[in-house]
Amino acid sequence: MAGFISQETIDTIHNTVDIVSVVGEYTTLKARGANDYWGCCPFHGEKTASFHVDSDKKFYHCFGCHASGDVIKFVMEMEKLSYVNAIELLAKKSGIPIKYKDGGVPSDYVRDDTAEKNIELYERLASTFHYFLMETDQGKKALDYVSARGLTKETIQKFKLGYAPADRKWLRKFLLSKNYSPELLNKSGLFSSKYPDYSFFSDRLMFPIFNRKGQVVAFGGRVLPPANESERKYLNSGDLPQFKKRETLFGFSFAKNSIREKKAIIFCEGNMDVIAYHQCGLDYAVATLGTALTQDHIKMISGFVSSGVVYLSFDSDGAGQEATWKAIKLCRENGLTVKVIQLQGGKDPAEIMLKFGKNNLTAQVNSAILDSDFLLNKVGKKYPVDTPEGKTKAALEFFAYVDALQSDIQKESSLEQLSQVFNLNPEAVKRDFLNRNQARERITIRQTNNETSKPQINLDAEMRGLIAVTADLDQFKTLRSSLKEDDFKNPDARRLFRLFEECYQKGVLTIPGIIESCNGTGFDQFITNALSTGVYKKEECGIYIQDTIRFIKKNKIEEQREQLIKRIQNFVIVTEDDKNQLNSLLTQKMELDKQAQLLSK
């Protein structure tokens, strides 16, 4: 396809289009020199800026994921476009005429313009639905509904709300009369696949769904009260050439500038929530479209809020609580700070706005709590935390949140917070966290043995692998070939590894030989307890060993990585040599990231 576009057009785009402005639509860039701009990579989640744009040489490069190229490739990757379509988009945006080789398009070039045609159709239809809402008797009940919800005329016009007529056959007749082809309409997503004459949306309040460029690419429809219980309350367009649910956020085109400026975003559950927030001046709110928050959604916004805050505003029912937890985990795994908005006085933002006004809603957003406080309150209500068993279950559930945190300091602070809230011994909490995946094993061992007669061994991921060796002693060869004694942080693990090594060197690496060598260290009871309960099975021993090796190696890499990140964050560029040193540090970080990623698989 590259051959169809003239080199003159390509050169004009390279010479005319400002790559910094284009990239700046997807992530926040900061100048570090005359032509050097840095930001968080829009292709992968990261906290430390490793994405570099050179405005003079007109290229980008990420030292983290190796993404690189010119402005055309950037648009291709971000918008998932072909080479030709990316050039056309950039040319149209910049007012550059496109020239083809030999003065025209080759005869064998068939351009897929389905998405473009659909967008033109949806844009026109959005205006039609808006007319029905604002100007016709048919749309009066829908207009009365949104007015009763407190929406102003300006807000209705801003979001181009509309009404789809109740007659399900009307839409096709109308569009055919406007010379749209049956073939286009059949593939447009506007009609029932089983009954092509029947429109997908009818007698509903219509929400145009805009892409990041402000073009209408899909619709959402809300049933109007009083509704039939058999009807779905909300309908959204299915995936189309111009629209993918998991990659689109309702309201993003209206919110993106505010998100960039405020370094904050509010994720809502529904379209009306977004609109109410915007009407109250909280114009950095968006919503997913019938799906849970996805990695693609995070990718859209992470470049703007990597150093800011993600606010979650979901319902307080069971489904909303579950959605909040999943969103917290996904955001934290991508290094984003999270706060939870706990709405009071109404079931949603629109009701609060209507009852108490925008100042009240704004105050509630400003009073949002940290996600850790939200989750501790949640597990505290879920389990009987006045009992040891309840505290254990609450802690285990909270550990999943701590796991998602990207900083060791954050992890430690969260564990300390858990200890304080539930009045637990901080060291016991840390030990249980290190051994979180084996908590069930520990409980099993305690149930079959007298707790007071058991040695107090720190059973964490390191010890787990060593104890597993006792189920298949041949696995010790694998362990010792990958690790040495000093690699273990847990003192108990170091001692037990040394004991196994001594037995191995003496040729007595057997259960009796190990027990005899324990000599009052307490390992003998610990090992026999584990073997007696059958927690470690021989066929699973190899998995435990590999997990231990990966865990220890990954921890060492993370330590080195944290040290590098601190150096990068504090680095100041003055000379060209400084820039080279920074690039060297970023390259080292990239290699450690790759090693950590391989160990995580």
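The values are calculated or read from the model by the stated rules, or taken from the named source; none is laboratory data. Fair warning: this is a prediction, and the values are worked out from it, not measured in the lab. Virtual Cβ from ideal backbone geometry, glycine too; neighbours counted across all protein chains shown. The accessibility values were calculated without ligands, DNA or RNA, using every heavy atom of the protein model including side chains. Shrake-Rupley method; radii C 1.70, N 1.55, O 1.52, S 1.80 Å.
Okay, here's what the table says:
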read-out: Surface share of carbon and sulfur [accessible, 1.4 angstrom probe, percent] for region 23-153; value: 50
read-out: Accessible area of region 482-521 divided out per residue, in Å², using a probe of 1.4 angstrom; value: 56
read-out: Alpha carbon Rg of region 1-71, scaled by the compact-globule rule 2.2 N^0.38 Å; value: 1.18
read-out: Calculated P(r) tail over 15 Å for region 232-273, as whole % of Cα pairs; value: 52
read-out: 5 angstrom amide H check on S50, placed H, neighbours 5+ away; value: G39, C41
read-out: Apportionment of accessible area to carbon and sulfur, region 271-360, percent (1.4 Å); value: 47
read-out: DSSP beta bridges in the chain [antiparallel fraction, %, rounded to 5]; value: 70
read-out: Helix-only CD estimate at 222 nm, as mean residue ellipticity for the chain, using -39500 (n - 2.57) per DSSP H run (n ≥ 4); value: -16500 deg cm²/dmol
read-out: Order by protection proxy (mean Cβ within 10 Å, highest first), peptides 130-138, 466-474; value: 466-474, 130-138
read-out: Reachable lysines from K579, criterion Cα separation under 22 angstrom, eight or more residues apart if same chain; value: K30, K47, K57, K58, K566, K589
read-out: Farthest positive-ward along the chain dipole, Cα basis, beta-carbon charges - from N85, Q595, Y163; value: Y163
read-out: Straight-distance crosslink candidates among aspartates and glutamates, where the alpha carbon sits under 13 Å from K153 and sequence neighbours closer than 8 are dropped; value: E135, D144
read-out: Isotropically averaged projected area of region 268-372, using the convex hull of Cα atoms (one quarter of hull area), nm²; value: 6.1
read-out: Dipole magnitude of region 34-90, debye to nearest 20 (Cβ charges: Lys/Arg +1, Asp/Glu -1, about Cα centre); value: 100
read-out: Protection proxy ranking of 422-433, 263-274 - average other beta-carbon atoms within 10 Å, highest first; value: 263-274, 422-433
read-out: Q157 versus K538: modelled label distance in nm, points set 7 Å from Cα along the beta carbon direction; value: 8.0
read-out: Computed lengthening from D56 to S82, 0.36 nm per intervening residue step minus Cα-Cα distance; value: 6.8 nm
read-out: Share of pairwise Cα separations in region 122-188, more than 15 Å, in percent; value: 56
read-out: For region 197-289: span of alpha carbons on each principal axis (Å, largest first); value: 45, 32, 17
read-out: FRET efficiency, 1/(1 + (r/R0)^6) with R0 35 Å, evaluated for D578 and D486 via beta carbons; value: 0.50
read-out: Sites S413 and A292 - FRET efficiency at Förster radius 22 Å, r taken between beta-carbons, to 0.05; value: 0.20
read-out: Value in Å of the Kirkwood radius, where region 362-439 supplies the Cα pairs that are averaged; value: 12.9
read-out: Cysteines without a disulfide-compatible neighbour (Cβ-Cβ under 4.7 Å), the chain; value: C40, C65, C268, C280, C331, C503, C518, C541
read-out: If the convex hull is drawn through the Cα atoms of the chain, its volume per residue in Å³; value: 218
read-out: Charge dipole (the chain, unit charges on Cβ, about Cα centre) - positive-most of F63, A471, S193; value: S193
read-out: Region 73-226, Rg to Rh (Cα coordinates; Rh as Kirkwood inverse mean 1/r); value: 1.05
read-out: Pairwise label distance in nanometres, E397 with E123, each label 7 Å out on the Cα-Cβ vector; value: 4.9
read-out: Solvent-accessible area of Y401 with every protein chain in place, 1.4 Å probe, in Å² to the nearest 10; value: 10
read-out: Packing-based order for 292-301, 408-417, 243-252, using average beta carbon neighbours within 10 Å, highest first; value: 243-252, 292-301, 408-417
read-out: Only Lys, Arg (+1) and Asp, Glu (-1) charged, at Cβ; the chain dipole about Cα centre in debye; value: 920
read-out: Residue-normalised accessible area of region 160-309, given per residue in Å² at a 1.4 Å probe; value: 40
read-out: Kirkwood Rh in Å, taken over all unlike Cα pairs in region 272-327; value: 12.4
read-out: Using a Förster distance of 60 Å, the FRET efficiency for E558-N228 (Cβ separation, nearest 0.05); value: 0.60
